[in-house]
Amino acid sequence: MSLILNKMVNTPVSKLKKTMAKIGRGDFSKDKTIEWENEFGEIGRGINKLAESINNLMNTRLEMEKQKRDYEYQMLQSQINPHFLYNTLMSIKWMATVQNAPGIAEMVTALSRLLKNISKGTKQFVPLSEELNLLMDYYTIMKYRYGGAITIDIKNDDEKLLNCGILRFTLQPIVENAIFHGIEPKGAAGNISIHIFRNDSGDLQIDITDDGIGMDDEMIKTVLTDKSEIKSGFFRKIGISNVHNRIRLEFGEKYGLSIKSRKGSFTTVTILLPCIPCAGETKPDI
């Protein structure tokens, strides 16, 4: 009886314990020898499935972290070293002021602030107010470039939302694409409206709408994937798909970008983010 019990119970239990210990050491390889044709075999198959699931989960997590690091690296690659440019621009501003050219002075000041903002460091999470400041400096440059033919309207339903956190360089690439691929091709003046509000789920929602040429469904799908060739001109490696993927990697698949559009009429890019407070600079002058 002792020999029978040892063969039927003690040996399988010992084998299962060794397999569990192996998993505890980080070895998630499948062990076929514990999949007997009895009740212990059911436990063995369950252990193998558990090990496989853990291994897949870890690989998925590692891949997500790798993607996140890749996007952050692309952000660093795209940043401009502004120190020499900043000093030069300040000199141009001084000359423009002396020669009574306020438009040039304003444009140079905006570019200087933009470069200074980019050079602040590797901080990725900033208050919405700070991100809007960067966007408005960019818009000042575009306003003079297009002779005032492009306007931006910003509507904020709640001042407290300006303290919500957002990933740096989320808004600028979207607005830039709205200008170059939405408004400019129609050959006429255009408007970009930005609506900031808390949606029914309590999340931060930002709708960016342009009255440009619009997109069809196929183009919308392409823009949100890495297959899109549409990239920001200011940041060489950042396109809408980059912004979308960065948000999803940071906050989960519930969040990110979505696009609605009608050919020849409009395009609305919706940014969905969790409303997480983030201390920072004061609200922008908009």
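The values are calculated or read from the model by the stated rules, or taken from the named source; none is laboratory data. All values derive from a computational prediction rather than experimental measurement. Backbone-built Cβ (ideal geometry, glycine too); neighbour counts: all protein chains shown. Each accessible area value is taken on the protein alone, full model and side chains, heavy atoms only, with ligands, DNA and RNA left out. Shrake-Rupley method; radii C 1.70, N 1.55, O 1.52, S 1.80 Å.
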| said: Calculate the FRET efficiency for Ile104 and Leu62 from the Cβ-Cβ distance with a Förster distance of 51 Å, rounded to the nearest 0.05. | reply: 0.50
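Would you mind checking Lys68/Lys93; Lys143/Lys260; Lys32/Lys254 for any pair whose Cα atoms are more than 27 angstrom apart? Can you show the working numbers first?
Numbers: Lys68/Lys93 39 Å; Lys143/Lys260 25 Å; Lys32/Lys254 38 Å.
The pairs that break the limit, which is 27 Å between Cα atoms, are Lys68/Lys93; Lys32/Lys254.
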| request: For an R0 of 51 angstrom, estimate the FRET efficiency from the Cβ-Cβ distance between Lys22 and Lys263 and round to the nearest 0.05. | output: 0.30
| message | Quick query: amide H of Ser261 versus all other amide H atoms, modeled in the peptide plane; which residues come in under 5 Å with a sequence gap of 5 or more or a different chain? | response | Thr268
| Probe 1.4 Å, protein heavy atoms only - accessible area per residue of region 169-221 in square angstrom | 39
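Please compute the net charge surrounding Ile47, taking Lys and Arg as +1 and Asp and Glu as -1 over other residues with Cβ under 15 Å from its Cβ.
Values: positive: Lys15, Lys17, Lys18, Lys22, Arg25, Lys30, Lys32, Arg45, Lys49; negative: Asp27, Asp31, Glu35, Glu39, Glu42, Glu52.
Value of the local net charge: +3.
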| note | Between the modelled labels at Asn10 and Glu52 (7 Å from Cα along Cα→Cβ) the distance in nm is 3.3
| Put a dot 7 Å past each Cα toward the Cβ at Glu184 and Arg45; how far apart are the dots in nm? | 6.1
| said: I'd like the GluC sites (Glu not before Pro) in region 9-49 restricted to DSSP loop residues with at most 12 other Cβ atoms within 10 Å, sorted by number. | reply: Glu37
| message | Need the full-extension length gain, Gln124 to Asp200, defined as separation in residues times 0.36 nm minus the C-alpha distance. One decimal, nm. | response | 24.7 nm
| Nearest-20 debye value, region 106-175 charge dipole, Cβ charges on Lys, Arg, Asp, Glu | 320
